[in-house]
Amino acid sequence: MPFCIGRCPAACCSGKSQAPAAAEEEGSRNGNAALLAAFCAQPDDVVVATPPKSGSTILLEICHLVRTKGTRVAGRSQITDTPWIDLPVRLYREHCPPWRAPHDAEPRVFKTHGGWGKVRRCGPCRKITCWRDPVDVMLSSFHFMLPLSGLTPGDDVSLSTFCRVFIHGHGRYLRSYCADLIEWWEHRHDPDVLFLLFDEVVQHKPAAIQRVAAFMGCEADVALVALVAKMTSHAAMRADRGRFNDDALLAPSLWRRRGDVPVPLAGKVRADGGISGQGAEQVPAWAVKEVQRVWTATVAKATGLTTFAALSEFRSAELRRARSRSG
């Protein structure tokens, strides 16, 4: 029986018969939040749940290429192959298959930026999450998010101003990031959770591909791992950046609604992006210190891990011990 995120109009979590078409129609009538609430995952589905700017694009591509044995349809957008269940309803219907429909290959793979509190209600489906240094996330968000609002990074909004909004603004993104990380960290050993770090995916890609394939239940020999690693290199994805055009789909509707003037978009695969440590080099020192202050008050208090680097090293040590025991 499928399980749901939030209140399911199909009532499939209550033991009643599922009515997926009715659930999707309910989501279409009531907007994006209702569509996310209506999403029903199957036990074999894979839901890639990451914070924004934390590796979702490369992870989704790895998942897709692993299940298709390194093939993909030319000219097709990534969100068509791996539907994004957070999309506004109109865009979802235009670019994604119905969430109850089969995909070109198994298992089905979906994307969300929803936190643990929403994703956990997917029930027995498999969940992949990936976490990145929050200072790097802040810098990447600066380059990516502002053009969506018709603003040019640096000219219309300074990096320092953006950092203040990221840390202390209305959405309080940094505290949400920390709260979600704490919850995912507590469940990193769950059999239906694959907890990854951005650096291991980018810097140790073959090993990460093998872990993802095993978690998905897909075979991946040495040749396939090498092929997927090549196809998900920054250079290869940059060359095919039209495939990863979620921002180009979202921006026009945002510009029209807000009356903004179109500006060049950074894209999901930025020319000088995807490099760890850039945040510490480019973000103002006060903002780096403030991120650490929030981390200390939240993540460190809950986990005992005083920095993101400490969390990364702790996780690496866990994986080394696990490999030693299995080997």
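The values are calculated or read from the model by the stated rules, or taken from the named source; none is laboratory data. What you see is a predicted model; the values in this text were computed from it and never measured. Reconstructed Cβ throughout: ideal geometry from the backbone, glycine too, with neighbour counts over all protein chains shown.
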ask   = Considering segment 144-173 alone, what residues qualify as being within 26 Å of Leu311 (Cα to Cα), of a type outside the set (A, V, I, L, M, F, W, C) and within 21 Å of the chain's Cα centre (by Cα)?
value = Gly171, Arg172, Tyr173
ask   = Can you pull out the residues in segment 172-211 that are among the hydrophobic types (A, V, I, L, M, F, W, C) and more than 22 Å from Lys118 (Cβ to Cβ)?
value = Val201, Val202, Ala207, Ala208, Ile209
request  = Inspect all residues belonging to segment 149-158 and state whether any of them is in a helix (DSSP H, G or I), polar (S, T, N, Q) and within 26 Å of Val294 (Cβ to Cβ).
outcome  = no
key: Any helices (runs of 4 or more DSSP H) falling wholly within segment 223-311 and containing at least 3 residues that are on the phi < 0 side of the Ramachandran plot and modelled with pLDDT of 95 or more   = 285-297, 299-303
ask   = Can you find a residue in segment 162-171 that is under 20 Å from Gly115 (Cα atoms) and touching a Ser or Thr at 6+ places or on another chain (Cβ under 6 Å)?
value = no
message = Any residue at all in segment 56-79 that's over 27 Å from Ala236 (Cβ atoms) and either surrounded by 24 or more Cβ atoms within 10 Å (Cβ to Cβ) or not polar (S, T, N, Q) (or both)?
response = no
note = Scanning segment 73-103 residue by residue, the ones that are modelled with pLDDT of 85 or more, of a type in the set (A, V, I, L, M, F, W, C) and over 16 Å from Val46 (Cα atoms) total 2
message = When you check Leu146 against the structure, is it in a helix (DSSP H, G or I), of a type outside the set (D, E, K, R) and out of contact with any strand residue (DSSP E or B) (no Cβ under 7 Å at 6 or more places or on another chain), yes or no?
response = no
